[in-house]
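Undergrad: I have a structure I would like to understand better, so I am pasting it below and will then ask my questions one at a time.
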Amino acid sequence: KGANIVVSLGGRLTDILLKLGIPPHKVLISPNGIDAKIIKTDHQYSETKSGPVKYIFIGRNEKRKGYSVLTNAISIIEKRIHLTIIGDFPKIESDKHTLNFTGLLTSKDEIYGLIDKADILISTSLSEGMPTVILEAMARGKAIIATDVGAVSTLVNEANGWLIEPNNLDDLIRNLNNVQRSSLVNRNHVSLEKANSFTWDKISVELLASFIQRQT
């Protein structure tokens with residue numbers, strides 16, 4: 001509370017600071033960013049694209065990533081799911097769903113290639129700051145299903161995806177069931193547009209300007 005400026009990624013993280021008694025005028029929002037080079041400039045999404053919606057889940061095998069919520073949803077949901085899982089997660093078997101486990105991948109180009117083949121990124125984290133993986137998926141023009149934790153709400157809303165309650169199996173299943181391919185066209189375009197606001201070049205300029213403004 002004695003600091004002149006307290007930096008926050010935004011969203012629920014800012015709410016926490018305010019509840020702790022930090023005066024609003026001391027809170028400076030400084031989000032994470034991405035390299036502008038990874039943003040797809042040739043992105044095209046066809047409304048006539050057919051076939052099942054393809055999902056992708058990327059992360060580390062940590063409890064806070066909410067992988068068990070995702071696997072529980074897969075075991076229950078009647079709708080057929082096509083899902084690629086990147087990370088050191090234990091495999092699950094399914095006769096109904098199409099599941100592709102890649103294991104750990106270190107090549108960003110390979111990861112971006114798999115994101116490009118998907119339609120929607122799923123993030124079921126129980127806690128987060130501002131996930132870079134969501135920014136990266138947005139930069140590739142993908143809609144997002146993500147839990148409303150940390151600063152995620154500054155990236156995802158109904159225009160480019162679906163916010164769900166953390167550790168809420170029913171909410172995840174309901175949103176997966178409600179996804180229609182026709183609803184992805186606008187959401188994917190909005191994700192791509194929003195990603196342009198989160199490049200490191202823009203963030204650094206805005207952060208410097210905010211610091212200067214607060215010093216005058």
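Undergrad: Would you confirm, using the coordinates I've provided, whether Ser183 is within 30 Å of Asn4 (Cβ to Cβ) and more than 16 Å from the chain's Cα centre (by Cα)?
TA: For Ser183, the condition - within 30 Å of Asn4 (Cβ to Cβ) and more than 16 Å from the chain's Cα centre (by Cα) - is not met.
Undergrad: Still on this structure, I have one more. Quick check on segment 184-216: of everything there that is closer than 25 Å to Pro52 by Cα and in contact with a strand residue (DSSP E or B) (Cβ under 8 Å, 6 or more places away or on another chain), which residue is surrounded by the most Cβ atoms within 10 Å (Cβ to Cβ)?
TA: Out of the qualifying residues, it is Ser191.
Undergrad: Right, here's the next one. Which pairs do you get when a residue that is assigned to a strand (DSSP E or B), found in segment 75-94, comes within reach of a residue that is of a type in the set (Ser, Thr, Tyr), reach meaning Cβ atoms under 8 angstrom, with the pair 6+ apart or on two chains?
TA: His82/Tyr55; His82/Thr98; Leu83/Tyr55; Leu83/Thr98; Thr84/Tyr55; Thr84/Thr102; Ile85/Thr102; Ile86/Thr102
Undergrad: Sticking with this structure for a sec: Within segment 159-182, identify whether any single residue is in a loop (DSSP other than H, G, I, E, B) and closer than 27 Å to Lys37 by Cα, and answer yes or no.
TA: Yes, segment 159-182 contains at least one residue that is in a loop (DSSP other than H, G, I, E, B) and closer than 27 Å to Lys37 by Cα.
Undergrad: Can you name the residue in segment 112-158 that is out of contact with any Gly (no Cβ under 9 Å at 6 or more places or on another chain) and assigned to a loop (DSSP other than H, G, I, E, B) and is also nearest to Leu83 (Cα to Cα) among such residues?
TA: Ala118
Undergrad: Go through segment 139-149 and count every residue that is crowded, with 22+ Cβ neighbours inside 10 Å, closer than 21 Å to Ser30 by Cα and in contact (Cβ under 8 Å) with a residue 60 or more places away in the chain.
TA: Total satisfying the criteria: 3.
Undergrad: Only one of Ile92, Ile29, Ile16 is over 22 Å from the mean Cα position of the chain (by Cα), of a type in the set (Val, Ile, Thr) and more than 27 Å from Val185 (Cα to Cα). Can you tell me which?
TA: The unique qualifying residue is Ile92.
Undergrad: For segment 108-125, name all the residues that are without any contact (Cβ under 8 Å) to a residue 60 or more places away in the chain and in contact with a strand residue (DSSP E or B) (Cβ under 9 Å, 6 or more places away or on another chain).
TA: Of everything in segment 108-125, those that are without any contact (Cβ under 8 Å) to a residue 60 or more places away in the chain and in contact with a strand residue (DSSP E or B) (Cβ under 9 Å, 6 or more places away or on another chain) turn out to be Glu110, Ile111, Leu114, Ile115.
Undergrad: Here's another thing I want to ask about it. Looking at segment 82-96, which of the residues that are modelled with pLDDT of 95 or more and within 22 Å of Val179 (Cα to Cα) is surrounded by the fewest Cβ atoms within 10 Å (Cβ to Cβ)?
TA: This residue is His82.
Undergrad: Here is a follow-up. Looking at segment 62-74, I want the residues that are assigned by TED's automatic domain parsing to the domain that holds Asp170 and have a partner that is crowded, with 21+ Cβ neighbours inside 10 Å and in a helix (DSSP H, G or I) with Cβ atoms under 6 Å, at least 6 apart or on another chain. Which pairs are those?
TA: Cβ pairs passing all conditions: Ala73/Leu172.
Undergrad: List the number of the failed condition for His43; all other conditions in (1) surrounded by 15 or more Cβ atoms within 10 Å (Cβ to Cβ); (2) touching a strand residue (DSSP E or B) at 6+ places or on another chain (Cβ under 7 Å); (3) modelled with pLDDT under 90; (4) not β-branched (Val, Ile, Thr) hold.
TA: (2)
Undergrad: In addition: Output yes when any residue across segment 193-205 is in the same structural domain as His25 (by TED's automatic domain parsing), without any contact (Cβ under 8 Å) to a residue 40 or more places away in the chain and β-branched (Val, Ile, Thr), and no when none is.
TA: yes
Undergrad: Right, here's the next one. What number of residues within segment 100-152 are within 24 Å of Asn72 (Cα to Cα), hydroxyl-bearing (Ser, Thr, Tyr) and at pLDDT below 95?
TA: Residues flagged as within 24 Å of Asn72 (Cα to Cα), hydroxyl-bearing (Ser, Thr, Tyr) and at pLDDT below 95 within segment 100-152 amount to 1.
Undergrad: Oh, and also: If Glu62 satisfies every condition in (1) surrounded by 11 or more Cβ atoms within 10 Å (Cβ to Cβ); (2) charged (D, E, K, R); (3) in contact with a Phe, Trp or Tyr (Cβ under 9 Å, 6 or more places away or on another chain) but one, which is the exception?
TA: All conditions pass for Glu62, except number (3).
The values are calculated or read from the model by the stated rules, or taken from the named source; none is laboratory data. Here the structure is a predicted model, which means the values were calculated and not measured. No Cβ is skipped: glycine too gets one built from the backbone with ideal geometry, and neighbour counts run over all protein chains shown.
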